[in-house]
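Participant: Have a look at this one before I ask anything.
Coordinate-derived values only; no laboratory data. Every value quoted in this text rests on a predicted model; they were computed, and no experiment measured them. With ideal geometry, Cβ positions are generated from the backbone for all residues, glycine too; neighbour counts draw on all protein chains shown.
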């Protein structure tokens, strides 16, 4: 099955990319939420309004719907950018359970959630009834949970984009967060 092999190859490529670009962050699988009070990087925006400031972690944590704070993240144990994204989610009020998996198992998880070669990244998360693929900003996960659209299966930031949460670095890139529709199609959800 060509898509399966390509997704596995992308998982391996993503692992190499995040291992070589980032130093490993402290791996914390604690299930207690942390609400940080840091300043927002008002570089770009929320869904629908590219000029809107990005909310601070404290603002995001307050707005997570009750009962929706738990998120399971499937990742490679040695991937530094995945660990950094887990920290980003914790700092924004999510109770994260990080589960380290082998690349073949990660590929199976992605397939089970309908992640394709075009929407794949390095880690896959489950929150509420949604899948989150890659370095999706916490405020957009909260928006998805609050709006609770029935036609969206999840969100993805395909590939490994510098400037996304967990992939911070020099020369951040603009990127599109993609809505994974339940009918198997995709559409833009937000631009950052």
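Participant: Rank the residues 133, 101 as a footprinting-exposure proxy: fewest other Cβ atoms within 10 Å of their Cβ go first. The partial results should precede the final answer.
Facilitator: Numbers: 133 24, 101 17.
Ranked by crowding around the Cβ, least crowded first: 101, 133.
Participant: Which whole-number percent is the relative contact order of region 58-192 (Cα, under 8 Å, 6+ apart)?
Facilitator: It comes to 22 percent, rounded to a whole number.
Participant: Taking 0.36 nm per intervening residue step and subtracting the Cα-Cα distance, what contour gain separates residue 129 from residue 150 on full extension?
Facilitator: 6.6 nm
Participant: How far apart, in nm, are the 7 Å Cα→Cβ label points at residue 111 and residue 78?
Facilitator: Going from the residue 111 label point to the residue 78 one covers 2.5 nm.
Participant: Within 10 Å of each residue's Cβ, count the other Cβ atoms and sort 79, 122 from fewest upward.
Facilitator: Ordered from fewest to most neighbouring Cβ atoms within 10 Å, 79, 122 come out as 79, 122.
Participant: What is the distance, in nm, between label points placed 7 Å from the Cα along the Cα-to-Cβ direction at residue 191 and at residue 168?
Facilitator: Once both label points are built, they end up 2.5 nm from each other.
Participant: Sticking with this structure for a sec: Among 178, 161, which comes first, second and so on when ranked by fewest other beta-carbon atoms within 10 Å?
Facilitator: If I rank by nearby Cβ atoms, fewest first, I get 161, 178.
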